[in-house]
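Before any comments, here is the structure.
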């Protein structure tokens, strides 16, 4: 839990397997039934993303909106890009009505600053570097609240 700022609850979660992503989002939906859930996910490893592409495609259904990024590679996978973040985006977009793609997590800052509002829950998920996006947004929303 990062905190709440300007009415938006900010969280960060390590879920990086589709079953963990789906379970976390379902739990948040039950625990915060009145909040709109915006999930930001950065998949970790090309091999996991490729193996579970269809499962990832459905894992985000409990979220109201989804933001995706390029895959966060492990050191052992350099040069083994069998799947891309855009492939994941297409898989999720087949079953989710509100999904957006930004190669780099910080490229989503302006869009999210304008889309997030009081009552929302914003969660970064995965084992990649997208946690920075959640922290930056939390800081900016805190500044708005106190500014």
Within segment 40-60, the count of residues that are touching a strand residue (DSSP E or B) at 6+ places or on another chain (Cβ under 7 Å) and more than 23 Å from residue 116 (Cα to Cα) comes to 1
Go through (1) surrounded by 15 or more Cβ atoms within 10 Å (Cβ to Cβ); (2) in a loop (DSSP other than H, G, I, E, B); (3) at pLDDT 95 or above for residue 128 and report which single condition fails.
(3)
Scan segment 44-65 and tell me whether some residue there is under 27 Å from residue 140 (Cα atoms) and at pLDDT below 95.
yes
Does residue 120 fit the bill of being closer than 16 Å to residue 52 by Cβ, in contact (Cβ under 8 Å) with a residue 12 or more places away in the chain and surrounded by 14 or more Cβ atoms within 10 Å (Cβ to Cβ)?
no
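The values are calculated or read from the model by the stated rules, or taken from the named source; none is laboratory data. Please read these numbers as outputs of a predicted model, since none were measured by experiment. Virtual Cβ from ideal backbone geometry, glycine too; neighbours counted across all protein chains shown.
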